[in-house]
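See structure below.
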Amino acid sequence: MQLYYFYRHNSENTIFISAEEQAEHHLEFLWVDSLRQDLVNHNEMWQKNIYEHTGVVLNEFHMRDLLNIEHPCAFDSVEEYDLLVFRKLITPDDQIYENEASESHESVFGLATTPISFILTPHILISLREQGNKAVESYIQRIQMIMEKPIAEQNKPRKLPSTPADLSLRLLNSMIDGYLNLRTPLTRRVEYWQQQLLQGNRRFKQWHQLFHEDMAFQQIENLCEEQIETLQEFRDELVDNYHHVVGEHKHKTQDILLVRLNDLMSHVERVQKHTLRLRNAVQSAIDLHFSAIANQTNENMRILAIITAVFAPLTLLTGIYGMNFEFIPGLKSPVGFWIMLGVMLLSTVLLLYYFYQQHLVGRGERSVIDLLAQQNKQRNINLLWFLDYEPIKQTLKEVEKMTKLK
């Protein structure tokens with residue numbers, strides 16, 4: 001358990017941080033940063049220490065919520081304090097380990113999340129987190145570096161928070177920014193699945209793993225939705241009961257807190273929309289994969305149909321001349337065999353030429369430009385070519401007019 005006192009300098013009217021109490025300056029608020037292991041292992045001692053330093057008595061039901069490692073994102077407000085439970089996605093930068101055999105972090109399809117809880121009063125902020133939370137520990141290291149500076153220079157590089165709500169929003173913002181860093185590896189993972197689905201040299205068999213990763217993206221969407229709903233409840237409480245959250249003497253920081261809260265919600269929405277786009281990209285790759293399989297199947301059936309059509313006349317001819325009749329034309333002719341081979345060869349060539357004209361062999365399908373071109377010439381054999389002769393066209397038009405008049 002670590003204590004950080006945020007004081008306002010009497011003469012310079014700036015915020016500075018101290019690890020010890022200072023009676024000569026006005027105390028803005030106290031931040032009590034505690035680890036969840038202390039609560040689990042020494043429950044009564046932890047509550048006693050919290051009461052000695054802050055005077056806050058926690059509700060029995062809220063204590064159960066704090067002890068529940070699988071508690072979802074939630075916000076609750078009572079007369080003495082506000083409780084904010086926020087689930088954090090465990091990123092590769094975190095070093096959160098499960099020390100207790102009876103507890104395990106919530107893990108769905110390979111994604112693990114852990115809760116971080118905030119107890120807010122106008123002058124007290126109690127944070128309860130897991131050891132190894134990189135976002136919070138990085139912020140604590142920054143605060144410790146600021147504490148090493150003189151009091152007059154602590155508030156120069158960046159203004160320090162003046163309320164517990166402001167500090168809690170900054171901590172949440174540092175955690176959400178860690179989510180934004182996951183966009184690049186997630187995008188690369190989606191590109192990998194796109195390449196695996198759209199390659200044509202071997203059969204795709206990793207459907208089980210792809211299903212789990214798709215459900216992992218859905219889990220991120222659900223987590224972001226819970227976080228947005230919780231932050232929305234916190235925002236409603238901040239708007240409706242502003243003095244209950246920050247105190248009676250605060251009058252000018254509501255807009256700043258709302259801006260920070262709205263910015264935090266927009267970051268979560270960006271992560272949610274990016275995850276949704278990645279899921280749509282994977283689904284599009286799956287659709288293209290099945291379309292390619294269907295197209296390949298159609299191509300195979302087309303080839304088989306052409307082969308069948310080419311060999312059908314040959315089979316017919318050999319069937320006819322294989323009948324057991326005594327008298328068949330050309331049966332005893334010395335050139336009958338060669339004539340029959342010539343007929344079969346000619347029929348094969350004619351069929352192949354017909355399929356070629358119909359774009360079934362050799363050329364493949366017509367391009368879109370070729371199909372949409374209005375001046376596209378008819379390449380098929382026109383048996384009624386003589387009707388295109390101009391005098392005959394004029395005669396046909398006159399006959400048509402006379403028919404209409406009658």
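Taking trypsin sites (Lys or Arg not before Pro) across segment 260-349, the ones in a DSSP loop with at most 16 further Cβ atoms lying within 10 angstrom of their Cβ are K332. In loop segments of segment 1-59 as defined by DSSP, the GluC sites (Glu not before Pro) with at most 11 further C-beta atoms inside 10 Å of their C-beta are E12, E20, E21, E24.
Site pair A152 and D255 shows an inter-label distance of 3.1 nm when each label is modelled 7 Å from Cα along Cα→Cβ.
Distance from the C-alpha centroid of segment 320-356 to that of segment 256-292: 67 Å, rounded to the whole angstrom.
Taking a threshold of 28 Å on the Cα-Cα distance, which of the pairs K134/K273; K88/K205; K134/K159 fall above it? Long pairs (Cα-Cα over 28 Å): K88/K205. One Cα centroid belongs to segment 37-58, the other to segment 182-205; the line between them spans 49 Å. Solvent exposure of segment 1-287 amounts to 52 Å² per residue of accessible area, where only protein heavy atoms count and the probe is 1.4 Å.
Could you tell me the center-to-center distance, by alpha carbons, between segment 1-16 and segment 116-133 in angstrom? Taking the Cα centre of each part, segment 1-16 and segment 116-133 sit 18 Å apart. For I286, neighbours were defined as the other residues whose beta-carbon sits under 13 Å from its Cβ, and their charges (Lys and Arg +1, Asp and Glu -1) total -2. Under the combined filter of DSSP loop state and at most 10 neighbouring Cβ atoms within 10 Å, segment 111-182 retains these trypsin sites (Lys or Arg not before Pro): R158.
The values are calculated or read from the model by the stated rules, or taken from the named source; none is laboratory data. Because the structure is a prediction, the values reported are computed rather than measured. Note: ideal-geometry Cβ built from the backbone for every residue, glycine included; neighbour counts use all protein chains shown. Quick note on the areas: whole protein, heavy atoms, side chains included, nothing else; ligands and nucleic acids left out. Shrake-Rupley method; radii C 1.70, N 1.55, O 1.52, S 1.80 Å.
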